[in-house]
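Engineer: Encoded as structure tokens, here's the structure I'll be asking about.
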Amino acid sequence: MLASGSRAVHSILPMPPIVPPASPVVPVIAIDGPTASGKGTIAQRVAAALGFHYLDSGAIYRVAALAALEAGLDPGQAEAVAALARTLRPEFAAGSIRLGGRDITEAIRAEPVGNAASRIAVHPEVRQALFELQRGFRQPPGLVADGRDMGSVVFPDAQLKVFLTASPEARAARRHKQLIEKGIPANISTLARDLRERDARDMQRAAAPLVAVQGARQLDSSSLDIDQVVERVLGWYRAG
Ligand code: CDP
């Protein structure tokens, strides 16, 4: 009988603490940078090389902007745009984006939608409304996410953070080429002006401004080609 004997009490080993099994960490590579810095192309190529998922967070802001414009809202109406954004369930599949069953892949790329996206993105309520939607992309085996605040706010524990820049001239030229190739008319000086305005809004807003977070690898891609940038990012990731 062990009921009250002190020897028995001393011989009982303390129970090991109950530790839940560690949830496997899904790796994230965050690629942030200003408009038209080439983040999207680089992020997609890095994701393909690693077999990871890809999040184009700018597309999520664009979807919300398109929905807001179509609902007759002004991008300045923070609460109304946030309320609408909370209801959106865009579907991303094989390079296309659908909203309510409609293919909006091309529609969100129009420059007025990009400008409206940049304007709704200044509102903390709107950013909060789109937060979980973005976090949901973190699925095994890993994620490459591009945007403005991937490394600072949405995935602060990302394994690798890259801040990709390029000169304003290089960025305006790239955006021009991108639009013309899609058959969308574009004027380079208008693009350069819009780009400066977007840079200013992205960097000066109080909510999640565009900044290179501590620990981010900075890369100026003005004189590098796509392969060189992709190799650099993969090299950093593989070096751990
Ligand atoms: O055309 P651009 O490269 O500026 O845009 P995008 O990456 O498609 O994103 C559209 C707009 O959403 C940007 O101009 C940003 O102001 C905003 N955005 C943001 O605030 N935070 C993100 N993570 C991604 C985009």
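Engineer: If you keep only loop residues by DSSP, which trypsin sites (Lys or Arg not before Pro) in region 131-234 have at most 12 other Cβ atoms within 10 Å of their Cβ?
Structural biologist: Hits after loop and neighbour filter: K182.
Engineer: Name the residue from S37, P156, A121 whose Cα lies farthest towards the positive end of the charge dipole of the chain, charges +1 on Cβ of Lys and Arg and -1 on Cβ of Asp and Glu.
Structural biologist: Farthest towards the positive end: P156.
Engineer: With n ≥ 4 as the cut-off for DSSP H runs, can you work out [θ] at 222 nm for the chain, using -39500 (n - 2.57) per run divided by the number of residues, rounded to the nearest 500?
Structural biologist: One gets -13500 deg cm²/dmol as the mean residue ellipticity at 222 nm.
Engineer: Just need log10 I(q)/I(0) for the chain at q = 0.08, 0.09, 0.13, 0.16 Å⁻¹, Debye formula, equal scatterers on the alpha-carbon atoms, no solvent, rounded to two decimals.
Structural biologist: Those come out to -0.35, -0.42, -0.79, -1.21, one per q.
Engineer: Counting only residues 5 or more places away or on other chains, whose amide H sits under 5 Å from the amide H of V144 once H atoms are built in the peptide plane?
Structural biologist: Amide H neighbours of V144: I29, H53, Y54, L55.
Engineer: Long-range amide H contacts for T165: which residues qualify at under 5 Å (H placed 1.01 Å from N, peptide plane, sequence gap of 5 or more or a different chain)?
Structural biologist: Residues meeting the criterion, in which the H sits 1.01 Å from N, are L219, D220, S221.
Engineer: I'd like the Karplus ³J(HN,Hα) series for region 156-164: coefficients 6.51, -1.76, 1.60, θ = phi - 60°, whole numbers in Hz, and an x wherever there's a Gly or Pro.
Structural biologist: x, 9, 3, 5, 9, 10, 10, 10, 9
Engineer: Per residue, how much space in cubic angstrom lies within the convex hull of the C-alpha atoms of region 25-138?
Structural biologist: Per-residue hull volume (Cα only) is 107 Å³.
Engineer: Still on this structure: Residue by residue, what Karplus-based ³J(HN,Hα) values in Hz, rounded to whole numbers, does region 165-170 have, using 6.51, -1.76 and 1.60 with θ = phi - 60° and x for Gly and Pro?
Structural biologist: 10, 6, 4, x, 5, 5
Engineer: Let me ask something else about it. What angle do you read, to the nearest 10 degrees and between 0 and 90, between the alpha-carbon axis of helix 57-70 and the longest principal axis of the chain?
Structural biologist: The answer is roughly 60 degrees.
Engineer: State the percentage of accessible surface on the chain attributable to carbon and sulfur atoms; use a 1.4 Å probe and exclude ligands, DNA and RNA.
Structural biologist: 58
Engineer: List every residue whose amide H lies under 5 Å from the amide H of I97, counting only residues 5 or more places away in sequence or on a different chain, with H placed 1.01 Å from N in the peptide plane.
Structural biologist: Here the answer is I104, T105, since their amide H atoms fall under 5 Å of that of I97.
Engineer: Still on this structure: Could you derive backbone 3J(HN,Hα) for region 233-240 from the dihedral phi with the Karplus parameters 6.51, -1.76 and 1.60 (θ = phi - 60°), listing whole Hz in sequence and x where the residue is Gly or Pro?
Structural biologist: 5, 4, x, 4, 5, 5, 6, x
Engineer: So with the 1.4 Å probe, I'd like the accessible area per residue for the chain, rounded to whole Å².
Structural biologist: With all protein chains present, the chain gives 53 Å² per residue.
The values are calculated or read from the model by the stated rules, or taken from the named source; none is laboratory data. If you're wondering where the values come from, they're calculated on a predicted model, not measured in any experiment. Here the Cβ is made from the backbone with ideal geometry for all residues, glycine too, and neighbour counts use every protein chain on show. In case anyone asks, the SASA skips ligands and DNA or RNA and just uses the protein heavy atoms, side chains included. Shrake-Rupley method; radii C 1.70, N 1.55, O 1.52, S 1.80 Å.
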